[in-house]
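The values are calculated or read from the model by the stated rules, or taken from the named source; none is laboratory data. Just so it is clear, the model here is predicted, and its values are computed rather than measured. When we count neighbours, we look across all protein chains shown, and the Cβ atoms used for this are built from the backbone with ideal geometry, even at glycine. We work out accessible area using only protein heavy atoms, side chains counted, and drop any ligands, DNA or RNA first. Shrake-Rupley method; radii C 1.70, N 1.55, O 1.52, S 1.80 Å.
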Amino acid sequence: MDHSKAPVLEALAAYHRRGETAFTPPGHKLTRGVDPRVSAVLGEAVFLSDVLATSGLDDRTASRGILEEAQALMADAVGAEHAFFSTCGSSLSVKSAMLSVAGPHEKLLVGRDAHKAVVSGLVLSGIEPIWVDPQWDPELHLAHPPSPEAFEAAFREHPDARGALVTTPTPYGTCSDLRAIAEVCHRHGRPLIVDEAWGAHLPFHPDLPTWAMDAGADVCVTSVHKMGSGIEQASVFHLQGDLVRPEVLSSREDLLGTTSPSVLIYAALDGWRRQMVEQGREIYDDALGLAHSVRARIAEIPGLHVHGRDDFCAPGRADDMDPLQIIIDITALGTTGYAAADWLRKEHHIDLHLSDHRRISAQLTHADDGETTVTLLAALKDLSVSGPQHRRGSQSPAGAAGPVEVPSPAALRLEQVLLPRDAFFAETEQVPWQKAVGRVASEMITPYPPGIPVVLPGERMNEEVLRYLRSGVDAGMVVPDAVDSEVKSVRVVKSER
């Protein structure tokens, strides 16, 4: 296929050359109705490129097949059989994938380190999750993706499961042995869905972890806005093989997706694919070299430990890791990742990827260069000598409340008593967190980022998990999806069925 083409971008340029006058949405009519104060911030180009996909970019019947051609080029670029663009992020894409494999009250094997979007999909669909435990590192207090053996055991116990879903890479950059997991699924005649939201760049360089389609996955969801050059919400889900029909996957996306897709997002996806095919190898040669250099220089800063393969990749841990995710353990500084991230933003205008009770993370992409990394390194050096651990009162207001009480793996693993859908829509009550011990949650409680729920609807809560959340919030953890974001009270099922 001719990857010098960018059908959406070319159609957008042609639209402007034709000088069309629209009596359709969007209501701003190519900037004419936009408040100048808005244009001063957003720029006119945003609105000039915000046109309808049909009866705009294409005609009323989409006879030119602009989007279809762009999606076919994307599939060819990454070695998939089909690609579908999504303008609602991978949160929609992963739900579409789940619904294409299982239906209400059918079982789906799911890694328990799944993103909250997966849990939302369970609530919406009524699918019964069969949780597959991650591999827990008791020293680092970090979960890596589940092993192939764990999925094999789950299939043996639940042979009626319709398929499996695994998240890899994790937000920490750790990866599962996808080839082996795909082989497990296919021995049982079931499809594998991979939530590869953090891996849109993986197909474009051999020194990056193996991407899902090359590993034999059936459906793979990628967030191009995370590690690629897509606009926020730009996602693509890919399909291969005959275990999931393309028309089924397309219909599930149509069920959940918008009827007003953003041409801006389509155009950015189209252009990113062309850039990667033409320049991706060279671009990631540079990016990986930069990451190697940055890792080495951070390792020289007192109090900072950069996690690498020696920490993350071993039997019982991850199979591989993405070196572009720079995960830094700051335990030796005597402060939390939450406080460090807040301090770096306030003092150096540095926005970090994620933070937890002992780590901070800097996400590098192909867009980083010597200028951005010099800024990062200078800020981290200052963190080492002048950070919140040295400044009384500079942490979050409750930052001195005490350490985060991280439970053991056994205590973190809560019992699923009700289906997530049944618990979410049950009659509920709000109770003080101390009285929530032993009760069944009716909400998700999710530290964000990275967005992996600690408590799911339908799980019976214990004291250890509740103390973890309370101590975490006091130390600066953000829990945006709970009814009470301070987790001083919890929404629970009023009566179990």
* Asked: With every protein chain left in place, what is the accessible area of LYS226 in Å² (1.4 Å probe, nearest 10)?
  -> 50 Å²
* Structure fact -> Descending packing, highest mean Cβ count within 10 Å first, for 233-245, 13-25, 424-436 is 233-245, 424-436, 13-25
* Structure fact -> With all protein chains present, the range 291-344 has a carbon and sulfur share of its accessible area (1.4 Å probe) in percent of 51 percent
* **chymotrypsin sites (Phe, Trp or Tyr not before Pro) lying in DSSP loop within the range 309-373, provided at most 14 other Cβ fall within 10 Å** => none
* With a probe of 1.4 Å, find how much accessible area the range 402-497 has per residue, and write the answer as a whole number in Å². => 44 Å²
* **Accessible area, probe 1.4 Å, largest first, for residues TRP131, TRP272** => TRP131, TRP272
* Taking a 1.4 Å probe, which of THR375, THR167 shows the most accessible area, and what order do the others take after it? -> THR375, THR167
* Structure fact -> Whole-percent carbon and sulfur contribution to the accessible surface of the range 217-270 (1.4 Å, no ligands, DNA or RNA) stands at 46 percent
* Structure fact -> Projecting the Cα atoms of SER39, VAL406, LEU52 onto the charge dipole of the chain, where Lys and Arg contribute +1 and Asp and Glu -1 at Cβ, the residue farthest towards the positive end is SER39
* Using the membrane-span-like helix rule (whole DSSP H runs, Cα extent along the own axis of at least 15 Å, mean Kyte-Doolittle hydropathy at least 0.5), which helices of the chain qualify? -> 66-78, 89-101, 370-386
* Which of the following values of Cα Rg over 2.2 N^0.38 Å was calculated from the structure shown: (1) 1.00; (2) 1.09; (3) 0.95? -> (1)
* Take the solvent-accessible surface of the protein heavy atoms, probe 1.4 Å, and return the percent of it on the range 1-107 that carbon and sulfur atoms account for. => 56 percent
* To do: Of the listed pairs LYS116/LYS488; LYS5/LYS107; LYS346/LYS494; LYS346/LYS435; LYS226/LYS435; LYS346/LYS488, which have alpha-carbon separations greater than 32 Å here?
  => LYS5/LYS107; LYS346/LYS494; LYS346/LYS435; LYS226/LYS435
* Just read off the accessible area of GLU139 with the full protein assembly in place, 1.4 Å probe, to the nearest 10 Å². => 140 Å²
* Structure fact -> Reported to the nearest 10 Å², ILE231 has, with a 1.4 Å probe, an accessible area equal to 80 Å²
